[in-house]
Each structure stands twice: as structure tokens, then as C-alpha cells.
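A short worksheet on the structure shown next.
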Amino acid sequence: MAPVKIYTLSTCSHCKTTKKFLHDCNVVYDAIDVDLLQGEERAAIIEEVKKLNPNCSFPTLLIGDQVIVGFKENEIKEALGI
Amino acid sequence: MTEIEKLYDLLKKAQEPKGYYFNKDRERVNDLLSSLMQNKERYGYMACPCRLASGDRQSDADIFCPCVYRGPDVQEFGSCYCNLYVTRAWNSGSIPHTYIPERRPASKLPF
């Protein structure tokens, strides 16, 4: 399965739903709560998100080399091949 | 009565007469209200929990909950960006629950 990375906010309802969905699908993923970061690390991750999604909205998912913005279940499933 | 219940009652009384109803998914609403309270503690104001706040009051003014995008989002999709405030039609299921795209322009991002 393609590597899955998700950029999230600790307070965001769509981010929580996405994490739960991935967990329920037994998908191993790497998640970063951007709002909990500080200083240079935060600035670097924000730049990373903006490159993938200029609106810098959350969740931003990177599945393999495919970017999905928001909890779009069907698109996520398709990208995961499940 | 918990702080979340108090906030729920306060906002419900203020927002329902304007046509903005809480999502009938109470668990989701409670979670969002808890996040709003968390943001109030973090930033000093209730920044939208579904957006990255900068911590600068002026830059974040458009995303104080209820955000300035709630009106057009509820009008167009029947729900705000977070699915906190919705219309009666959204709650009754008579309109599709589509994903609400981010309406805040990238030019407003303070970072």
C-alpha cells in the first residue's frame, strides 16, 4: 500500500473523522497536528502543506503522490485501493 | 450543567433565531464546542477549530466562530465548513451532505 501522510489540526472535526476512517480501515499512516507545532518546525510544515494544497486547509492527505484535501471518503478509498 | 452544555444553550438561543441550527449529531457538536473552548484558552478567542489560526487577533478575525464564511456556506451547502451550524434541511436529511470546500481565500492566510 502507498505510504499515507496526513496533515491535521488537533481540534478539527474532519481531521478526527479522517483519522478514525483510516484507523477503521487498518491503514498505517503518519499524522501531523500542525496547530500543535511551534516555531521553525511549524513554519516548515506549513510550507510543506501549502506546496500540496495552497489553501493550507485540513486535513490534507498525501497518499503515495496523490493529494486529497478534506475527508472525501470515496477519493481516499480509491487512492488506497480499498 | 457543564461548560459545554452552557455554551451549547447560549449559542443555540442566539443562533437559531437567525436560521443557524446546531448539527443534530450532538457528539460532533460537543466535540467542536470543546475545541472552541480550547481555542479560546489558546488564543484568547474562539477561532474556527477546522482552520489553522495564527494567534494574531486581526489576521484571524474572519475565522472567529461564527466565521464570516458561515452565511454563504450555509446558504449554498446547508452547512458551515465544520458542520457545526446547519440548516433544518441538512438535519432532516432532505439535502445531500456534501463536503464543504474551503471558502476562505488563500490570500487571507497569515502564513
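Here residue B:8 does not qualify as surrounded by 16 or more Cβ atoms within 10 Å (Cβ to Cβ), among the hydroxyl-bearing types (Ser, Thr, Tyr) and within 17 Å of residue B:100 (Cβ to Cβ).
Entry remark, the stretch B:42-93: residues being of a type in the set (D, E, K, R), more than 9 Å from the chain's Cα centre (by Cα) and open to solvent by less than 40 Å² (accessible area, probe 1.4 Å) number 4 in total.
Considering each of B:58, B:75 in turn, give the residue that is out of contact with any Pro (no Cβ under 6 Å at 6 or more places or on another chain) and not in a helix (DSSP H, G or I). Steps first, please.
Numbers: B:75 fails: not in a helix (DSSP H, G or I).
Of the residues listed, the single one that is out of contact with any Pro (no Cβ under 6 Å at 6 or more places or on another chain) and not in a helix (DSSP H, G or I) is B:58.
Once the stretch A:54-72 is narrowed to residues that are of a type outside the set (Gly, Ala, Ser) and within 9 Å of chain B (Cβ to nearest Cβ), the residue that is nearest to residue B:50 (Cα to Cα) is A:58.
Listed by first and then second residue, the pairs linking a residue in the stretch B:71-99 that is under 19 Å from residue A:14 (Cβ atoms) to a residue that is open to solvent by 60 Å² or more (accessible area, probe 1.4 Å) and in a helix (DSSP H, G or I), with Cβ atoms under 6 Å apart and 6 or more places separating them unless they lie on different chains, form an empty list.
Within the stretch A:1-53, restricting attention to residues that are open to solvent by 40 Å² or more (accessible area, probe 1.4 Å), closer than 19 Å to residue B:110 by Cα and among the aliphatic types (A, V, I, L, M), the residue that is nearest to the chain's Cα centre (by Cα) is A:52. Entry remark, the stretch A:9-53: residues being closer than 20 Å to residue B:80 by Cα and at the interface with chain B (Cβ under 10 Å from one of its Cβ atoms) number 9 in total.
Number of residues in the stretch A:60-75 that are open to solvent by 40 Å² or more (accessible area, probe 1.4 Å) and over 11 Å from residue A:49 (Cβ atoms) equals 7. Taking each residue of the stretch B:14-39 that is assigned to a helix (DSSP H, G or I) and looking for partners that are open to solvent by 70 Å² or more (accessible area, probe 1.4 Å) with beta-carbon atoms closer than 7 Å, six or more apart or interchain, yields B:37/B:3. Of the residues making up the stretch B:1-44, those that are within 14 Å of chain A (Cβ to nearest Cβ) and under 17 Å from residue B:79 (Cα atoms) are B:22, B:23, B:25, B:26, B:27, B:28, B:29, B:30, B:31, B:32, B:33.
The values are calculated or read from the model by the stated rules, or taken from the named source; none is laboratory data. Everything numeric in this text was worked out from a predicted model, so none of it was measured. Counting neighbours? That spans all protein chains shown, and the Cβs are built from the backbone with ideal geometry, glycine included. When the accessible area is computed, the model is the full protein with side chains, heavy atoms only, and any ligands, DNA or RNA have been set aside. Shrake-Rupley method; radii C 1.70, N 1.55, O 1.52, S 1.80 Å.
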